[in-house]
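The values are calculated or read from the model by the stated rules, or taken from the named source; none is laboratory data. In this text the structure is predicted, and so the values were computed from the model without any measurement. FYI the Cβ positions are ideal-geometry reconstructions off the backbone, even for glycines, and counts take in every protein chain you see. Only protein heavy atoms, including side chains, enter the accessible area calculation; ligands, DNA and RNA are left aside. Shrake-Rupley method; radii C 1.70, N 1.55, O 1.52, S 1.80 Å.
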Amino acid sequence: FSQSMVKYDTESRLFENSLFNVPFIPEDNYTNDIYSAYLLHDEIISAKSQICNIKSSFKCGKTHCLPLFLSIKAIQENMERPFIIMVLPSNNLIENTIQDFDDLLGDSVYLINDYTKLESMYENLPKKPVICMFTIRLLFEILSNAEEKKFPIFKYSRFILDGIYQKNLDTEELIEKFTKEMKNYSFPLQLICMAPVSHPIILDSFDEVYEF
């Protein structure tokens, strides 16, 4: 990124190198296209908004690019907020994405889809990014347990809602929880929603939502 305004240290560069392996889509005519989500790199990492909505098409690369963007952000902030909690629609998608990230990132991050492993990190915050992937129902349990343990999970985490945009009781309850808890802590990119259209529940629930 010769025109980038984002500054990197050595650790961030490791993620940039991994990101470079993500965005290229082989085409039938033996050329390569670039995932559209990758093109938001600088804009997302430099964003100042607490809540963002990314209108994204299918196979735009968002599921693989956004956690790496936020990992870079966590490193730039000296791991003040190490947890990147991603909510995905199904366990199959979670397992496949975890495997992709393991192949891509190795031990440069912690990859978690077991909430007990996440909870084991509460007492001593990790020194490298923690990318967590859960279903919405499991996230409810995680948030409830954190409250019981008096661990301020919203203080140390960024959340990505990927493909969770249908209006139902689960999404309404989750957004209500976010609306309440995020008043206590405010920092850039605390909640990112990704869907093919503008997220109606998000837009209706928060006063300021930045849309990419």
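Worth pointing out:
- Scanning the range 45-100 for residues that are of a type in the set (Lys, Arg) and in a loop (DSSP other than H, G, I, E, B) yields LYS48, LYS59, ARG81.
- Extreme residue, farthest from the chain's Cα centre (by Cα), among residues of the range 153-194 that are more than 21 Å from GLU208 (Cα to Cα) and either among the acidic types (Asp, Glu) or open to solvent by less than 40 Å² (accessible area, probe 1.4 Å) (or both): ASP170
- Whichever residue in the range 76-89 is surrounded by fewer than 20 Cβ atoms within 10 Å (Cβ to Cβ) and under 16 Å from the mean Cα position of the chain (by Cα) and, among such residues, is farthest from PRO126 (Cα to Cα): PRO89
- Tabulated pairs, the range 181-195, first part of a loop (DSSP other than H, G, I, E, B) and at pLDDT 90 or above, second open to solvent by 10 Å² or more (accessible area, probe 1.4 Å) and among the basic types (Lys, Arg), C-beta under 8 angstrom, 6+ apart or interchain: ASN184/LYS155; TYR185/LYS155; PHE187/ARG81; PRO188/LYS48; PRO188/LYS73; LEU189/LYS73
- Number of the condition not met by GLU95 [criteria: (1) closer than 23 Å to ASN53 by Cβ; (2) open to solvent by 30 Å² or more (accessible area, probe 1.4 Å); (3) under 18 Å from the mean Cα position of the chain (by Cα); (4) not β-branched (Val, Ile, Thr)]: (1)
- Restricted to the range 46-56, and to residues there that are hydrophobic (A, V, I, L, M, F, W, C) and modelled with pLDDT of 90 or more, the residue that is nearest to GLU176 (Cα to Cα) is ILE51.
- Residue within the range 100-115 that is more than 16 Å from PHE151 (Cβ to Cβ), open to solvent by 50 Å² or more (accessible area, probe 1.4 Å) and of a type in the set (Ser, Thr, Tyr) present: yes
- The range 101-124, residues that are within 30 Å of GLU172 (Cα to Cα) and either hydrophobic (A, V, I, L, M, F, W, C) or assigned to a helix (DSSP H, G or I) (or both): PHE101, LEU111, ILE112, TYR115, THR116, LYS117, LEU118, GLU119, MET121
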